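Chemist: Sharing a structure here in structure tokens format.
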Amino acid sequence: MTVLLAVIASTSFAQQNLFNVPSSDITSRNKLFYQQQLNFTSGFIQFNTTFSYGLRKNMEVGVNLVGLNLNKTSSGPSFITNASPSTPPFYPYYTVNFQKAFPLNNVFKIAIGTQTGLSDNADFGSYIYSNFVSVLPNIKTKIITGIYWGSDSFLGPEDRSELLPQGTNVGTQIGIEQPILKERFFLIVENISGRHSLGETSLGSAWLFSKHWMLSMVCQFPNYQGQSTKSLGTRIDVRSETSLKDLK
């Protein structure tokens, strides 16, 4: 079982991800976004860290530390890494992130993004995606449909999609977020296709209990014959999108 704990910073409470699927929300111009997620397992604690900075024209750029695993057992090194060429995915990864949104109107937008960087052993890895996002009027349901490309070094060598030949490294991602109770409580379902380490369906909810804090709960199920593991977890988000002037 995996327990998830994330600490995120933002004033305009936009989610960077639903759980795994990018939400395609963009950090406001000249604002900083910080997210810290911790995944607790029986053998290690995984740290995933994100910094992003909002640019002009619906763009943001930042850096990530992905898959830093702290060993909880009494044996072995303090940090668990994988750089073996025969057993990808590798970890941890030090990446640059980038997103750009193209609003079409008040309901629809298209977004592109990536996390791209190097592992401890200087192995190149990348996750690149494009999403079509719609927010239904009145009920405010957010629907995300997209495609992704992920390198073997980043996700592993397994299939990305049953609809495409193995080796294309292209898969699909979908997500639905439904706000209820005056947009203080959210129901979330998402799926990333494939049999790799991130190929899974997530069912969860989120509670925005203050301007900056959100508590989420999620149950994650691996795709058929997938390398992901079933998990039940919680996530705490603290968001405080801050300008550079506020830091002085």
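Read-outs: derived from the displayed coordinates by stated rules, not from any lab. This is a predicted model, so every value here is computed, not measured. With ideal geometry, Cβ positions are generated from the backbone for all residues, glycine too; neighbour counts draw on all protein chains shown.
Chemist: Going through the stretch 63-97 one residue at a time, which ones are within 20 Å of the chain's Cα centre (by Cα), buried (at least 18 other Cβ atoms within 10 Å of the Cβ) and either on the phi < 0 side of the Ramachandran plot or among the hydroxyl-bearing types (Ser, Thr, Tyr) (or both)?
Modeler: Across the stretch 63-97, the qualifying residues are 64, 66, 68, 69, 88, 89, 90, 91, 92, 93, 95, 97.
Chemist: For the condition assigned to a loop (DSSP other than H, G, I, E, B), among the polar types (S, T, N, Q) and without any contact (Cβ under 8 Å) to a residue 24 or more places away in the chain, what is the one hit in 201, 168?
Modeler: Exactly one of 201, 168 is assigned to a loop (DSSP other than H, G, I, E, B), among the polar types (S, T, N, Q) and without any contact (Cβ under 8 Å) to a residue 24 or more places away in the chain, namely 168.
Chemist: I'm told residue 190 meets every condition in (1) assigned to a strand (DSSP E or B); (2) among the charged types (D, E, K, R); (3) over 17 Å from the mean Cα position of the chain (by Cα) except one. Can you identify the failing condition by its number?
Modeler: Failing condition for residue 190: (3).
Chemist: Quickly run through the stretch 71-99 and pick out the residues that are touching a residue at least 24 places away in the same chain (Cβ under 8 Å) and over 22 Å from residue 124 (Cα atoms).
Modeler: Scanning the stretch 71-99 gives 71, 72, 73.
Chemist: A follow-up question, please. Restricting to the stretch 101-119, name every residue that is without any contact (Cβ under 8 Å) to a residue 40 or more places away in the chain and either among the aliphatic types (A, V, I, L, M) or surrounded by fewer than 17 Cβ atoms within 10 Å (Cβ to Cβ) (or both).
Modeler: 104, 105, 106, 107, 108, 110, 112, 118
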